[in-house]
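Here the structure comes first, spelled out in structure tokens, and everything after it is commentary.
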Amino acid sequence: MFIGHFAPAFVAAAVSPERPRLGAMFVAAQLVDWAFFTLALFGIEAMRIDPKASVMVPFDLHHMPYTHSLLGAGVWAAAFLGVVAIYRRSLRLGVLAGMVVLSHWVLDLLVHVPDLTLDGTPPKLGFGLWNMPWVAMPLELGLTFGAFAFYLARTRGPAGPPLVLVAVMLVLQTVNWFAPHPAAAGPFLYIQALVAFALLTVLAAWVGENRWFRRRGGLATSAW
């Protein structure tokens with residue numbers, strides 16, 4: 001699951017005409033992976049390349065208790081909830097942002113082979129759709145484009161920014177699916193992932209700056 005993680009971000013940004021912006025919700029959607037790849041850079045969490053790990057993804061995610069356990073994801077969600085609630089002075093918006101963070105673990109549960117945990121210790125969980133590309137790929141695209149369409153239906157503005165965003169998302173997803181797999185896990189791979197997240201977040205923020213919320217009667221109000 002890569003761009004599919006951003007589906008909850010689109011929905012969350014569409015259901016509330018208040019801040020935070022779409023860019024902030026994109027951060028929320030991948031906050032767990034932001035944390036994982038950052039911790040991996042410092043050797044706190046770890047992965048390795050194993051072509052036999054699954055049909056689609058050659059990553060053996062063997063040590064990630066602080067980010068990809070349900071407890072760990074819950075802590076990250078609570079922290080982001082608090083930041084948004086305090087900064088925007090809205091508990092409701094904080095809860096919405098926290099739910100987007102927590103959605104990451106739920107979506108990972110669908111596709112990961114058993115490598116997720118509840119609290120960092122066995123049993124390891126995962127429904128393993130990475131072993132069924134004919135299910136995992138349409139699911140990811142369906143979630144992403146369904147949520148994207150919902151966001152567009154709830155907002156109005158120039159078509160250019162959202163089309164650029166979704167085009168870049170598709171390019172990165174294509175690379176994720178079909179590019180040659182890395183020979184080994186290491187800093188280059190981790191930084192590459194963080195750069196991809198940053199690029200999409202910048203584009204999402206740009207989209208949010210150029211969209212307005214639809215109101216009954218054909219009016220629109222800027223909430224970005």
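The values are calculated or read from the model by the stated rules, or taken from the named source; none is laboratory data. Not measured: the values here are computed from a predicted model. Here the Cβ is made from the backbone with ideal geometry for all residues, glycine too, and neighbour counts use every protein chain on show. Quick note on the areas: whole protein, heavy atoms, side chains included, nothing else; ligands and nucleic acids left out. Shrake-Rupley method; radii C 1.70, N 1.55, O 1.52, S 1.80 Å.
Assess whether Val113 counts as being of a type in the set (A, V, I, L, M), touching a residue at least 60 places away in the same chain (Cβ under 8 Å) and more than 18 Å from Ala13 (Cα to Cα).
Values: of a type in the set (A, V, I, L, M): yes; touching a residue at least 60 places away in the same chain (Cβ under 8 Å): yes; more than 18 Å from Ala13 (Cα to Cα): yes.
Yes; evaluated as a whole, the condition is true for this residue.
From Thr201, Thr174, which residue is in a helix (DSSP H, G or I), of a type in the set (Val, Ile, Thr) and open to solvent by less than 60 Å² (accessible area, probe 1.4 Å)?
Sole residue among the options that is in a helix (DSSP H, G or I), of a type in the set (Val, Ile, Thr) and open to solvent by less than 60 Å² (accessible area, probe 1.4 Å): Thr201.
For the range 122-165, what are the residues that are within 30 Å of Arg48 (Cα to Cα) and open to solvent by 70 Å² or more (accessible area, probe 1.4 Å)?
Once the filter is applied, which keeps residues that are within 30 Å of Arg48 (Cα to Cα) and open to solvent by 70 Å² or more (accessible area, probe 1.4 Å), the range 122-165 yields Pro122, Pro123, Lys124, Phe127, Trp134, Pro138.
When Arg89 is tested against (1) under 30 Å from Trp177 (Cα atoms); (2) out of contact with any His (no Cβ under 6 Å at 6 or more places or on another chain), only condition (1) is not met.
Which ones in the range 177-188 are touching a residue at least 24 places away in the same chain (Cβ under 8 Å) and part of a helix (DSSP H, G or I)?
Trp177, Pro187
There is no residue in the range 74-97 that is touching a residue at least 12 places away in the same chain (Cβ under 8 Å) and either under 22 Å from Val175 (Cα atoms) or in contact with a strand residue (DSSP E or B) (Cβ under 9 Å, 6 or more places away or on another chain) (or both). The residue list Val168, Val195 contains one member that is closer than 24 Å to Ala35 by Cβ, under 16 Å from the mean Cα position of the chain (by Cα), open to solvent by less than 50 Å² (accessible area, probe 1.4 Å) and without any contact (Cβ under 8 Å) to a residue 60 or more places away in the chain, which is Val168. Every listed requirement among (1) assigned to a helix (DSSP H, G or I); (2) without any contact (Cβ under 8 Å) to a residue 40 or more places away in the chain; (3) hydrophobic (A, V, I, L, M, F, W, C) is met by Phe127 save one, (1).
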